[in-house]
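The values are calculated or read from the model by the stated rules, or taken from the named source; none is laboratory data. On a predicted model such as this, the values are computed, not experimentally measured, just so you know. Note that we place each Cβ from the backbone using ideal geometry, even for glycine, and neighbour counts take in every protein chain shown. Just the protein is used for accessible areas: all its heavy atoms, side chains included, with ligands, DNA and RNA removed. Shrake-Rupley method; radii C 1.70, N 1.55, O 1.52, S 1.80 Å.
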Amino acid sequence: MRRLQLLGWSAVGTVLCALAVPWFLWGDSTIVAGLPLWLWWHVGWMGLASVVFWTFAQRAWGIGIEPGHGDDSSDASGSETSGLERGDRSSRSAPGGDRP
Amino acid sequence: MSVAVQLGIIVGYLLLALAVGLVAYRLTDRTAEDFYLASRTLGTVVLLFTTFATLLSAFTFFAGPNIAYAQGPEWILVMGLMDGIIFAILWYVIGYKQWLLGRQYGYVTLGEMLGDRFGSKRLRGLIAGISLLYLFPYVMLQQVGAGTALEALTEGAIPYAAGAGLITAFMILYVVVAGMRGIAWTDTLQGAFMLVTTWVATIWVLAAVGGPGAATEAIASSEATSGFLSLGSAYYTPQWMLSTAITIGFGVAMFPQVNQRFFAAGSKTVLKRSFALWPILCVLLFVPSFMLGAWAAGLEVTVPEGGNVLPIVLAEYTPVWFAALVIAGAMAAMMSSSDSMLLSGSSYFTRDLCRPTLAFFGRALSERGEDLIARIGVVVFASAAFLASLWNPATLFELGDAAFSGFAQLALPVLVALYWRRTTRTGITAGILASQAFYLLSLFLSIVPSSYAGWTAGVVGMGVGLLVTVAVSLITTPAAAERRAIYFERLGAD
């Protein structure tokens, strides 16, 4: 399940990269509302990318990085503070100095 | 009149920045981690804008619109792809993982993170050395830019050496006092300022020429620029656009001042929000500033050799004070990029080169001692770059110009190490050395081509680095001192 999710998100990322430049409009010079159509596509695509990134951050953040993340969406909010805030203050070996 | 206004605005800006720095100084702990990373506490807006302002300031105002003026506005697509999407994805893939590791193990620099994993002080020194190799000339170029701009602005009243020296002295003072927190705060002010002035400038110019429809119509009807509106040209080929977006996008993530910001986020939520806002911010800034450059070409604004298009357009269509404000802002922005670079350069130098060397001789540094050395490092780094800028040697100029592609060569070996347990010390070292050697040779030796069927040597070098890292890792065994599990265990989980 997690592997499938990871593959899915990787595919989404690839598509986002692939179509940020509208290759299918290559050589096209249609003007819409004062700007080239290809520029409108790009503006819309970046808006879409932002929405996709937001969805990813809400639903799947941590996938591929945090072990055990993504099996169950309810643990995403749980691990938000618990693992990090608690674990690292006490246990990290801090060459850069401790927090006050 | 305009010179006085511009100087007044610049001086005003410097004083404001210094005030912000002093406030930041009062909140500072005397530790290196606070000096370099603001104790890992930056919030969403500050982190987003400081990264953004650090990266793109001078380019957005000067070089970017110049390219759009000369070649057409397709650069917007390249910028959107590289910064809005590729860099945003790396923000998660490299940045989030680095942030977790940084919190867990207290890393401050990239070299430290890799040196710890591979049990190698040499690797750590290598990463710092390569980074400084590109960073130093890049800082020097900023000083050259600022000194030249100040000379042009005052019509020679402030000669180049005095202007560049003044700016260097100010930056040293500011960085030494304020550290990361102060820099991040002024960057935020500056980012917001850039965004607002760019839009006001665009609306102002468009109102003067009769709206975007008329401005675009002028591009289409002018003979020189009629090709600008169709996507692609002999300059903007697909290979070139992709090569540029890929090398700069990956290069950005390895630029010390950006990479170090991955460690400085205050929380996971901050990283998430910045990640989603990235593409929007790119569109908001690049579309107006680059379209201004392209529209200027259609409106047949003439730019003298070596001049910048944006100031000329503004001078033609907006009042003097407003044009002055934008130019002064752009110059200040140039300085704000340099100060972040100084800080990061100094941290690489002190932590990855000085400290291990001292340790080798059996000396250890206290926290306050390291904080002090960090500040001295800023002074040394900035002064050396200033001295170099006085005679601006051609080799350094070329290295600074190639910095993005040079940093991009580090990205894939680092990514492999972050996500593949089988990476060995020999593998990553070989990968880094091979791609750097290839790229530097393509830069300086004519027998190594700089273009491969339209793809740049930067992209090809990245491929070389990836292949060598994986292949050498497969045929070598890990060294005894390697800590192979630390990038994978306990990350973010209890």
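What is the dipole size for the protein assembly as shown, taken about its Cα centre, with +1 at each Lys and Arg Cβ and -1 at each Asp and Glu Cβ, in debye to the nearest 20? If you can, show how the numbers build up before the last one.
Working: 32 positive and 34 negative charges, 435 e Å.
The dipole of the protein assembly as shown has a size of about 2080 debye.
Heavy-atom accessible area per residue, region B:2-404, 1.4 Å probe: how many Å²? Mind dumping the intermediate values first?
On the way: 12710 Å² over 403 residues.
With all protein chains present, region B:2-404 gives 32 Å² per residue.
Share of region B:21-172's accessible area from carbon and sulfur, percent, 1.4 Å?
After summing per-atom areas, the C and S share lands at 67 percent.
With every protein chain kept in the model, how would you rank B:151, B:489, B:305 by accessible area, 1.4 Å probe, largest at the top? Mind dumping the intermediate values first?
On the way: B:151 65, B:489 100, B:305 185 Å².
From most accessible down to least: B:305, B:489, B:151.
Let me know the longest stretch in chain B that avoids all chymotrypsin sites (Phe, Trp or Tyr not before Pro) found in a DSSP loop with at most 15 other C-beta atoms within 10 Å.
With a cap of 15 other Cβ atoms within 10 Å, the longest stretch comes to B:1-234.
Would you mind working out the magnitude of the charge dipole of chain B relative to its Cα centre, with +1 at each Lys and Arg C-beta and -1 at each Asp and Glu C-beta, to the nearest 20 Debye?
About 2140 debye.
So, R0 is 45 Å and r is the distance between the beta-carbons of residue B:390 and residue B:321; what FRET efficiency does that work out to, to 0.05?
Efficiency, from the Cβ-Cβ distance: 0.85.
Considering only protein heavy atoms, what is the solvent-accessible area of residue B:447 at a probe of 1.4 Å, reported in Å² to the nearest 10?
Taking all protein chains as shown, residue B:447 has close to 150 Å².
Enter the buried accessible area of the A/B pair, total of both sides, probe 1.4 Å, in Å² rounded to the nearest 100.
Values: alone 7820 and 19210 Å², together 22090 Å².
Roughly 4900 Å² of accessible surface disappears when A and B pair.
Between residue B:222 and residue B:170, what is the label-point separation in nm under the 7 Å Cα-to-beta-carbon projection?
3.3
Zone of residue B:486 (label point 7 Å along Cα→Cβ, backbone N under 16 Å): which residues in region B:240-284?
Residues passing the 16 Å test: none.
Heavy-atom accessible surface, probe 1.4 Å, ligands and DNA/RNA ignored: which residues of region B:23-47 lose at least 40 Å² versus the isolated chain?
The answer is B:33 - residues whose exposure falls by at least 40 Å² when every protein chain is included.
Determine the distance separating the Cα centre of region B:106-132 from the Cα centre of region B:356-394; give it in Å without decimals.
17
By the scheme Lys and Arg +1, Asp and Glu -1, what is the net charge of all other residues having a beta-carbon under 15 Å from that of residue B:374?
So the environment of residue B:374 carries a net charge of -3.
From the backbone phi of region B:27-39, what are the Karplus-calculated ³J(HN,Hα) couplings (6.51 cos²θ - 1.76 cosθ + 1.60, θ = phi - 60°) in whole Hz, Gly and Pro given as x?
Rounded to whole hertz, the list is 8, 8, 7, 7, 10, 5, 5, 6, 4, 7, 10, 6, 6.
Please give the contour-minus-distance gain from residue B:358 to residue B:203: 0.36 nm per residue of separation, less the Cα-Cα distance, rounded to one decimal in nm.
50.1 nm
Using the Karplus equation 6.51 cos²θ - 1.76 cosθ + 1.60 (θ = phi - 60°), what ³J(HN,Hα) coupling, rounded to whole Hz, does each residue of region B:400-409 give in order, writing x for Gly and Pro?
Those phi angles translate into x, 5, 8, 4, 4, 5, x, 5, 4, 4 Hz.
Go through B:164, B:80, B:340 and say which Cα lies farthest out towards the positive end of the charge dipole of region B:2-404; charges sit on Cβ, +1 for Lys and Arg, -1 for Asp and Glu.
Checked the options; the winner is B:340.
Note the angle between two axes, namely the Cα long axis of helix B:268-298 and the longest principal axis of the Cα atoms of chain B, as a number of degrees from 0 to 90, rounded to the nearest 10.
30
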